[in-house]
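What follows is a set of notes on a single structure, which appears directly below.
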Amino acid sequence: MVDPIKLSRELLAFNTINPPGQELGCIKHLESILAVAGLETSVHTFAPGRANLIATIGGSKEKPPLCFTGHVDTVPLGNAKWSVDPFAGEIVDGNMYGRGSTDMKCGVAAFVSAICGMAEQLRDTSGVVLVITAGEEIGCEGAFHLARGGLLGRAGAIVVAEPTSNVAVVGHKGALWLRATLTGVTAHGSMPHLGVNAAYKAARALAILEKFQFNVAPHPHLGPPTLNVGTVHAGLNVNSVPDRAEIGIDIRSIPGLDHARIEEHLRAELGDDVSLEPIVDVGSVWTEPSTPWIKSVHEIVRNVTGVDAGPRPQTAPYFTDASVLTPAFGNPPTIILGPGEAAKAHQTDEFCSVDRIRQATDIYIALAVKWCAKED
Ligand SMILES: [Zn+2]
C-alpha cells in the first residue's frame, strides 16, 4: 500500500526547482515504487540529471490504455521568505505545505498511489500508462522529448493531474512565446547621428504590438486569444547608441488558431526589420464536454466529491503537458483534474489540501476501474 500523503511528502523532499530541474532522483524514487507494485517502467533521460518516466500495466489490442500524467519539476521559491520549510511537507490545519505541493507533486503522488494499489487488478485489462515528466515548467521540454522521440505508445484518454481542486477541466489556451530582436548600429552617445538606434526601432514595434488584432472569433469557453509584451531590453549603457533590442511577446492562443499563422501575421505587421524566434510553442487543449468519456468523468467526480460540475465547461488559466501529449497520442479526450488549487501554484507558502489528495486518489481509482472494466 502506497499512502498518497506519505508519498507526497517524499516527493516534496526532492529539490526539483527548474531551472535547473535535476528531477532524476525524484523520478528514480517513483520508478522503484512503481516497479515494486508490478508496473513495467522505463526512464528516459534527456539531459544530465533530468529524465521522464513511463510506467505501464495491462494493455490490450482492442482498447488503448488510460493515461495519467504529471510533472515533478517545480518553479523557484521566489524572493519572499517562506514561513515553513518548502521541502518538508509539513501539514498544518489539514494542508500540506511545500514547493510543488499543489503544482503538482501531490497530484502525481495521488495517481501513483491509486495505480499501485490496484496494479494486480489492472494486469489483464486495457490497462493504464503513467507519464511522469521533468521540465514542464519551462515549456514542456520533458514531454517534448517523449513526443519527438516516439516514446509514448498509445493512450485512449488522458488525465492531467495539474491543480484544479478536483474539478474536471476540459481545456486551456496554448502559448506562443516569441523573442523579437531588432538590430541597429552602435555609436558614442554624443554622436547619435553616426548610429542606428535599436531602441527606437523597438518602440515602433511596440506600438504595432499594442494594437495587434488576431481577427478571429473568441472561443465560446476559452475566450479570445491575447498578446502581451512581457519584457523589453535595449542598450548596455546610457552613453551609447544601442545596437540591439529584444522584446518578449507572450501570446495565448485558442483552438483553431494555428501558431504558424500567428507568426506569419506578426511578421507581416512588424516588417523585415524584426526577427522573431519562438521560445515556447505549445498548442491549446480542448475536449468537447459532450464526449461520453468526459461525461463519465463528471459522474465519477460527483460521486466522490459530492460536487456537481455545473452547466458551464471549466477551463484552466495555465497550459499543461497535454499541449504536447494530447496531439502526440492522436488527440484522445483529455481532462485536467488534480488535488491542488490553481491559485496556490507558484506562490510563497504553496500548499495542497490533504483531504483533496485522498479524494483525488479515489477519483483516479474510479477512473481506472471504469476504463478497464470488461465491456459486455
Ligand atoms: Zn504544473
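The values are calculated or read from the model by the stated rules, or taken from the named source; none is laboratory data. Keep in mind it's a predicted model, so treat the numbers as computed, not measured. No Cβ is skipped: glycine too gets one built from the backbone with ideal geometry, and neighbour counts run over all protein chains shown.
Listed by position, the strands (runs of 3 or more DSSP E) enclosed by the stretch 22-99 that each have at least 2 residues that are exposed (fewer than 14 other Cβ atoms within 10 Å of the Cβ) are 40-47.
With the structure loaded, tell me whether Phe14 is touching a residue at least 12 places away in the same chain (Cβ under 8 Å), touching a helix residue (DSSP H, G or I) at 6+ places or on another chain (Cβ under 9 Å), part of a strand (DSSP E or B) and crowded, with 18+ Cβ neighbours inside 10 Å or whether it fails that test. No: the conditions fail for Phe14. Using the structure shown, decide if Val285 is within 16 Å of Leu337 (Cα to Cα), in contact with a Gly (Cβ under 6 Å, 6 or more places away or on another chain) and within 16 Å of the ligand (Cβ to nearest atom). Here the answer is yes, as Val285 does meet what is asked. Inspect all residues belonging to the stretch 104-112 and state whether any of them is more than 18 Å from Cys26 (Cα to Cα), more than 11 Å from the ligand (Cβ to nearest atom), touching a residue at least 12 places away in the same chain (Cβ under 8 Å) and among the β-branched types (Val, Ile, Thr). No: zero hits.
Would you mind stating whether Asp349 is free of Cβ contacts under 8 Å to residues at least 40 places away in the same chain and not aliphatic (A, V, I, L, M)? Taking the combined requirement at face value, the residue does not satisfy it.
Only one residue in Asp308, Asp355 is in contact with a helix residue (DSSP H, G or I) (Cβ under 6 Å, 6 or more places away or on another chain), surrounded by fewer than 19 Cβ atoms within 10 Å (Cβ to Cβ) and either of a type outside the set (A, V, I, L, M, F, W, C) or not in a strand (DSSP E or B) (or both). Which one? Step by step, each of Asp308, Asp355 is checked, and only Asp308 is in contact with a helix residue (DSSP H, G or I) (Cβ under 6 Å, 6 or more places away or on another chain), surrounded by fewer than 19 Cβ atoms within 10 Å (Cβ to Cβ) and either of a type outside the set (A, V, I, L, M, F, W, C) or not in a strand (DSSP E or B) (or both). Restricting the stretch 1-11 to residues that are within 9 Å of Gly89 (Cβ to Cβ) and of a type in the set (A, V, I, L, M), the residue that is surrounded by the fewest Cβ atoms within 10 Å (Cβ to Cβ) is Ile5.
Just so you know, in the stretch 90-102 the residues that are touching a helix residue (DSSP H, G or I) at 6+ places or on another chain (Cβ under 8 Å) and at negative phi include one that is farthest from the ligand (Cβ to nearest atom), and it is Ile91. Taken over the stretch 337-351, the criterion of being under 26 Å from Trp293 (Cβ atoms) and either of a type in the set (D, E, K, R) or away from the ligand (no atom under 12 Å from the Cβ) (or both) is satisfied by Leu337, Pro339, Glu341. Would you please name the residue that is surrounded by the fewest Cβ atoms within 10 Å (Cβ to Cβ), looking only at residues in the stretch 311-336 that are part of a loop (DSSP other than H, G, I, E, B) and away from the ligand (no atom under 16 Å from the Cβ)? Among residues in the stretch 311-336 that are part of a loop (DSSP other than H, G, I, E, B) and away from the ligand (no atom under 16 Å from the Cβ), the one surrounded by the fewest Cβ atoms within 10 Å (Cβ to Cβ) is Pro311.
Per the conditions (1) away from the ligand (no atom under 16 Å from the Cβ); (2) modelled with pLDDT under 95, the sole criterion not satisfied by Ile115 is (2).
One residue alone among Leu194, Leu236 is farther than 30 Å from Ser126 by Cβ and without any contact (Cβ under 8 Å) to a residue 12 or more places away in the chain, and that residue is Leu236.
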